[in-house]
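In what follows, a single structure is set out as structure tokens and then discussed.
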Amino acid sequence: MKKIAIIGGTGLTQLNGLQLISSEKIDTPYGLPSAELITGKLHNKHIVFLARHGNPHAIPPHSINYRANLWALKHLGVQSIIAVAAVGGITAAMAPACLALPDQIIDYTYGRKHTFFDDDTTPVTHIDFTAPYSSALRAQLIVAAAHANIQLVNTGTYGCTQGPRLETSAEIKRMERDGCDLVGMTGMPEAVLARELQLEYAALAVVANWGAGKTEGEITMTEIEHNLHAGMANALGVLEAFISS
Ligand code: HPA
């Protein structure tokens, strides 16, 4: 089995059940990652865990040092990354508390350090990103979810916004017209940096709320936390089935 890392998002700052082997502060050419990288054993397999927003959760999506995070994972010999992320639901199948495995991305972020090929311009590198998520890793996660009897919406386009504010209802309408099923704030540049480092990458998205304007009234943190709690249990179930397979 390949060396696996889990990047935990909002609602997954620590991986319970992970037997700690080491916790490393890794200084990278791009600065410090969001947190120490935890190596541990889960179901007798070695995995690496990184809290995307830091531990405790303190770094907003636009301030995450994505390059340092991905570089540090590669440095530890990681080959496959499963990114867990909280998202908003846009299309009908993406109701709060459901779990989705997106297969496409639209990037609406700006001003983020989004490439390792910034300075190294000879030769200019244009990586292929037609399919932004690893199809092999996605297929394994689909099998794991079926084994664990956990419902997984196994297709969908993830629209990545800049945050940290949530969207306006007009922005969500536009995203729906663009073809987005889900909206989140951390999927990019995480996915493309993984591709640049030739790391397999897939995302388990836990729907925390309907996107702005999809329901009456405002989106509250209480609603987000409640749905995340329910949905995250399923994400963990899929991860455990995947790791023990
Ligand atoms: N928008 C963007 N990111 C999110 C949302 C949302 O509605 N919910 C959880 N992460």
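Given a 10 angstrom Cα cut-off, can you work out which residue in H226, H62, H53 is the most mobile in a GNM of the chain?
Residue with maximal mean-square fluctuation among H226, H62, H53: H226.
From the Cα gyration tensor of region 199-245, with a ≥ b ≥ c the square roots of its eigenvalues, which class applies: rounded if a/c is under 1.5, or else prolate if a/b is larger than b/c, or else oblate? Could the numbers behind the result be given before it?
Numbers: a/c = 4.10, a/b = 2.18, b/c = 1.88.
Prolate, since a/c reaches 1.5 and a/b exceeds b/c.
Given Cβ point charges of +1 (Lys, Arg) and -1 (Asp, Glu) and nothing else, what value in debye, to the nearest 20, does the dipole of region 1-155 about its Cα centre take?
420 debye
Can you find, among F116, H46, I106, the residue sitting farthest towards the positive end of the charge dipole of region 1-132, where Lys and Arg contribute +1 and Asp and Glu -1 at Cβ?
With unit charges placed on the Cβ atoms, the residue in question is H46.
Which residue, D128, D181, D103, has the most motion in a Gaussian network model of the chain that connects Cα atoms within less than 10 Å?
Per the Cα network of the chain with a 10 Å cutoff, D128 tops the list.
Would you kindly give the portion of the calculated P(r) for the chain that falls above 22 Å, as a percent of all Cα pairs?
Of all Cα-Cα distances in the chain, 50 percent exceed 22 Å.
Can you tell which of A194, A202, A58 shows the greatest fluctuation in a Gaussian network model of the chain with Cα springs below 10 Å?
Highest fluctuation of the listed residues: A58.
How much length is gained on full extension from D27 to V124, taking 0.36 nm per residue of separation minus their Cα-Cα distance?
32.3 nm
Could you tell me which helices of the chain pass both thresholds, a Cα extent of 30 Å or more along their own axis and a mean Kyte-Doolittle hydropathy of at least -0.5, with helices taken as whole DSSP H runs?
Details: long enough: 221-243 (31 Å, 0.57).
Membrane-span-like by this rule: 221-243.
Grab the Cα-Cα distance for K3 and A233, subtract it from 0.36 nm times how many residues apart they are, and report the gain in nm with one decimal.
Residue separation times 0.36 nm, minus the Cα-Cα distance, leaves 80.5 nm.
What's the FRET efficiency of I150 with H62 using the Cβ-Cβ distance as r and R₀ = 30 Å, to the nearest 0.05?
Values: r = 31 Å, r/R0 = 1.05.
The calculated FRET efficiency here is 0.45.
The numbers here are math on the coordinates, done by the rules we state, and not lab data. Predicted, not measured: the structure shown is a model, and the values here were computed from it. All Cβ positions, glycine included, derive from the backbone under ideal geometry; neighbour counts span all protein chains shown.
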